[in-house]
Amino acid sequence: CSRWEEEKKEDGVKWMQLEHRGPYFVPLYEPLPEDVQFYYDGKPLKLSLATEEIATFYAKMLDHEYTTKEIFQNNFFHDWRKEMTSEEQEIIKDLDKCDFREIHKYFVDKNEARKALPKEEKQKLKEEADKIQEEYGYCILDGHREKIGNFKTEPPGLFRGRGEHPKMGMLKKRIMPEDVTINCSKDSKIPEPPEGHKWKEVRCDNTVTWLASWTENIQNTLKYIMLNPSSKLKGEKDWQKYEVARRLKDVVHKIRAQYRKDWKSKEIKKQQRAVALYFIDKLALRAGNEKEEGETADTVGCCSLRVEHIQLHRRLDGQEHVVEFDFLGKDSIRYYNKVSVEKPVFENLQLFMKNKDPTDDLFDQLTTNFLNKHLQRLMDGLTAKVFRTYNASITLQEQLKALTNPEDNVAGKLLSYNRANRAVAILCNHQRSIPKTFARSMEVLQEKIDAKKKQVEEAQEEVKKAEDEFKETKDAKAEANVEKKKKLLKRLEEQLAKLNVQATDKEENKQIALGTSKLNYLDPRISVAWCKKFGIPIERIYNKTQREKFAWAIDMAGEDFEF
């Protein structure tokens, strides 16, 4: 049997045997050379080691937008002063008088030098990294050697956060062995902590899949060392996720009928639940859990929408009952959309907004908990998140059916695949900022296209010349020449078409992130089946890491797989 279908364990038990080396701790701080100095109020100032280390965190970020933000500067300065000696605290009282430029230059130069290293040196560094990976990057789980995802602790530094995070600039402390809880099996060789240190605790909990954990000091959340996505445990979990989404396919029409009925309910709580569910289903919005204020940037999901986040238009751009959404979602990505909704939804929204302030909750009677409990009753394992997976996967499958032309060459089919993937990314609002290199790489591509066009024109001339010659001489050699020139023309035309496809793809893709949905929302079996059906090499869709993660699907799906 394949490793995906080995014996099942009893409920809740994730492994019987787990052995590993524990986390790899990032190297300790190396002091700056004597000639690299920090200046305060124009004068050089020798800092204590701990203070200097934190100064380098800020110095490294000088050319980053973060260090221009007041909240970042204030948080940094506050945390930095806490770590200073009392003498340093007496002197350093104003961030504006601090000059980190020399330190910044030192790190920029160091970086450039590393990039410019000769090939042998780079190879040596790679070998050292590989050695660490070999030693710390694998564990033994139920007799299989499995790859670990993140086996290194995070280095200390300044917290960044996404969007306007209130804690940006705070000091992320160094993780010590004394912070770390180790999880492994009782009979295994327990990992040795680094010399002179001990673990916080060692436990044996086979109902969880993490190997080590610690609490990070900024959000006070637990961080875990987990298995790599290519491991059997993660693969099974991934597979199960898509199986739950496939089960939704069989009941989704019933759920839709139910929430449409609830729009007309006498209870406002049910009405709100039904409208929220309609948005989650139709627009693939995230559920929107309750969050502590001031702990993170102000972002919302469906259930936590406020009145200020939507505007209602009876008519807009020739459509009726339009809802205009404008809010910051997960990771502070803006969601902006104008959607024509059904009349009862529109009327319900008017009711929910009545006599409320802009900052009041739109669905004031609704929590994600209440919504998910309702969903669990409709189908075992159903949560709001499953709708996103279901709608993303079903959209990909339908778009691939609609867009793929079996007559197209490989490049044409791949363009269709990316267009189907793009439809999903737009549905899920997966954006990216236009890459800095976009304009330049587009110019380069355009130059290639222009050059190729010229070659095609020249080849057309050549064909015409050869044909004229054949007309005159009628000999076999001239005839063969015509064929040769035609073949060349055809090849050049194909190359030109391929470049044009590339340009189209690049342009359509500049602000859309395809990777997020590919890794997290799309059942890989849909893509594997499509590749097998149309004879597309799987590596044109999935890179090496992705092929490892989706090994279970590549193993399992034939060309007739239906989500």
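The single condition among (1) part of a strand (DSSP E or B); (2) surrounded by fewer than 16 Cβ atoms within 10 Å (Cβ to Cβ) that H321 does not meet is (2). Residues that are over 16 Å from I103 (Cβ atoms) and of a type in the set (V, I, T) within region 38-86 comprise T68, I71, T85, listed in sequence order.
One residue stands out among those in region 386-413 that are at pLDDT below 90 and in a helix (DSSP H, G or I): the one that is surrounded by the fewest Cβ atoms within 10 Å (Cβ to Cβ), which is V410.
One residue is enough: does region 485-496 have a residue meeting the conditions part of a helix (DSSP H, G or I), among the polar types (S, T, N, Q) and touching a Lys or Arg at 6+ places or on another chain (Cβ under 9 Å)? Checked region 485-496: at least one residue is part of a helix (DSSP H, G or I), among the polar types (S, T, N, Q) and touching a Lys or Arg at 6+ places or on another chain (Cβ under 9 Å). For region 32-76, a residue qualifies if it is farther than 17 Å from K105 by Cβ and without any contact (Cβ under 8 Å) to a residue 24 or more places away in the chain, and the qualifying residues are K43, K46, L49, E65, T68, E70.
The condition (being free of Cβ contacts under 8 Å to residues at least 12 places away in the same chain and not hydroxyl-bearing (S, T, Y)) is satisfied by just one residue among E469, E457: E457. Here the condition is being in the same structural domain as R440 (by the TED database) and surrounded by fewer than 16 Cβ atoms within 10 Å (Cβ to Cβ); of K518, K487, K532, it holds for K487 alone.
Of all residues in region 443-484, those that are among the charged types (D, E, K, R), open to solvent by less than 90 Å² (accessible area, probe 1.4 Å) and over 18 Å from A411 (Cβ atoms) total 5. So which residues in region 513-563 are under 21 Å from V386 (Cα atoms), in a helix (DSSP H, G or I) and touching a Leu at 6+ places or on another chain (Cβ under 7 Å)? The answer is I526, and nothing else. Each residue in region 244-291 was checked for being closer than 17 Å to L382 by Cβ and of a type in the set (S, T, N, Q), and 2 of them qualify.
Within the span defined as region 226-248, one or more residues are open to solvent by less than 30 Å² (accessible area, probe 1.4 Å) and within 26 Å of P156 (Cβ to Cβ).
Considering only residues in region 101-148 that are in a strand (DSSP E or B) and in contact with a strand residue (DSSP E or B) (Cβ under 8 Å, 6 or more places away or on another chain), the one that is most open to solvent (accessible area, probe 1.4 Å) turns out to be R145.
The values are calculated or read from the model by the stated rules, or taken from the named source; none is laboratory data. Since the structure is predicted, the reported quantities are computational estimates derived from the model, not experimental observations. Backbone-built Cβ (ideal geometry, glycine too); neighbour counts: all protein chains shown. Ligands, DNA and RNA are excluded from the accessible area calculation, which covers all protein heavy atoms including side chains. Shrake-Rupley method; radii C 1.70, N 1.55, O 1.52, S 1.80 Å.
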